[in-house]
1. Which number in (1) more than 29 Å from residue 118 (Cβ to Cβ); (2) away from the ligand (no atom under 12 Å from the Cβ); (3) in contact (Cβ under 8 Å) with a residue 40 or more places away in the chain marks the one condition that residue 21 misses?
2. Quick check on segment 100-123: of everything there that is under 24 Å from the mean Cα position of the chain (by Cα) and within 9 Å of the ligand (Cβ to nearest atom), which residue is nearest to residue 159 (Cα to Cα)?
3. Among the residues of segment 319-332, is there at least one that is assigned by TED's automatic domain parsing to the domain that holds residue 256, within 20 Å of the chain's Cα centre (by Cα) and over 18 Å from residue 266 (Cβ atoms)?
4. Suppose we filter 54, 39, 9, 4 for residues that are within 14 Å of the ligand (Cβ to nearest atom) and farther than 21 Å from residue 81 by Cβ; which single one remains?
5. Identify, from the list 171, 165, the residue that is within 16 Å of the ligand (Cβ to nearest atom), without any contact (Cβ under 8 Å) to a residue 12 or more places away in the chain and farther than 27 Å from residue 311 by Cβ.
6. Considering segment 366-401 alone, what residues qualify as being in contact (Cβ under 8 Å) with a residue 60 or more places away in the chain, surrounded by fewer than 19 Cβ atoms within 10 Å (Cβ to Cβ), within 20 Å of the chain's Cα centre (by Cα) and under 18 Å from residue 251 (Cβ atoms)?
7. Any chance segment 255-267 includes a residue that's without any contact (Cβ under 8 Å) to a residue 12 or more places away in the chain and buried (at least 17 other Cβ atoms within 10 Å of the Cβ)?
8. Answer yes or no as to whether residue 46 is touching a strand residue (DSSP E or B) at 6+ places or on another chain (Cβ under 7 Å) and at pLDDT 95 or above.
Ligand code: C5P
């Protein structure tokens, strides 16, 4: 089990990663410390911070002697590394040293070596993107600039140079060409500005272990999956793109009433869907639909309660199916993404998984009572993310941009699967 925790300075990474590792009984690997150690040694030796060849040598010679002790403490030459690598000068130098791709190519394999076979919580800037792209769960922590600076000030006991250190370092870390600090496409984004570390840890644990599907869901899903595979010769490409852990928005094109079922058949994890409020009118209907993972949405106007429910489910580590087109559009190509869809993605910080369905449209031809047995093909695309803003006022222009971005990314998958 590898859990990647990335994010900028002062986002709460270290506190959260350490607590999480303790809670899960996993090792904790602080990759920032490896770069810090290289920078600290370079400063001690008087190695110029732009001398790439010399820095490579320092990195190789230093990290060869770094080990992980007791699953949490990095040692250098047998002694636990102390606060000497955490001064603002070393932080600044570290960011300069770590921007050299040649240095990173020496450091990254050493970081991988430090991760025990049993797994770890690994903290850094590029764990989810470069060091461990196959991590079981990827989390990207962020917080407002003010909160991050005040956290760093508390750590150092003084605010001298902190503002510069935090902003310049973050910018350099985000801009470098290799191993840039950014959320992986399939990472969950958590804003820690006003959330205590223990609560962030609890949220991550939930992402790892969400409530499992009920028995009725599991049984019906298995039957449906069987029928779809045998009768409808369901063919699926890219199913591995549906995450095994953590929340995600599954985004299918919507051509038929059976689309929910096809999406549900793709994974044993429960997929939650919004259903028209009218379907929930009778008590029996409501019970059945709820057991099947549906929750009501009033159509034709913004429905706050259902948006909230969606965000809650995503916060709790669930998979939520949302049709980006908003409603069923038989006989049309994938053309228009609704702003409400992008809103949920931006507000939840969850990745989006495009799902192109083809063939479902022909199952219930208009005017016919019986379903037609046709071949159904599904292409699951790679996850992607929109800008995330989980709190504060979301400006209209930002939402519009996010919607256009979703449209562009989703169309690629949908247009490849839908006949022209
Ligand atoms: O996390 P920490 O503040 O200890 O990291 C110090 C510096 O090390 C970062 O500012 C960044 O430049 C570098 N770093 C990195 N990649 C990582 C971890 C840290 O480039 N995975």
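The values are calculated or read from the model by the stated rules, or taken from the named source; none is laboratory data. If you're wondering where the values come from, they're calculated on a predicted model, not measured in any experiment. A quick note on method: Cβ atoms are made from the backbone with ideal geometry, for glycine too, and the neighbour counts reach across all protein chains shown.
1. Every condition holds for residue 21 apart from (1).
2. Out of the qualifying residues, it is 123.
3. So the first thing to find is which residues in segment 319-332 are assigned by TED's automatic domain parsing to the domain that holds residue 256, and the list is 319-332.
Checking the rest, the ones that are also within 20 Å of the chain's Cα centre (by Cα) come to 319-324.
From what's left, over 18 Å from residue 266 (Cβ atoms): none.
The answer is no; no qualifying residue exists.
4. Values: 54 fails: within 14 Å of the ligand (Cβ to nearest atom); 39 fails: farther than 21 Å from residue 81 by Cβ; 9 fails: farther than 21 Å from residue 81 by Cβ.
Selected residue: 4, the only one of 54, 39, 9, 4 that is within 14 Å of the ligand (Cβ to nearest atom) and farther than 21 Å from residue 81 by Cβ.
5. Details: 165 fails: without any contact (Cβ under 8 Å) to a residue 12 or more places away in the chain.
None of the other options fit; the residue is 171.
6. Result: 382, single match.
7. Taking segment 255-267 first, the residues without any contact (Cβ under 8 Å) to a residue 12 or more places away in the chain are none.
Checked against the condition, which is being without any contact (Cβ under 8 Å) to a residue 12 or more places away in the chain and buried (at least 17 other Cβ atoms within 10 Å of the Cβ), segment 255-267 yields no hits at all.
8. Values: touching a strand residue (DSSP E or B) at 6+ places or on another chain (Cβ under 7 Å): no; at pLDDT 95 or above: yes.
It is false that residue 46 is touching a strand residue (DSSP E or B) at 6+ places or on another chain (Cβ under 7 Å) and at pLDDT 95 or above.
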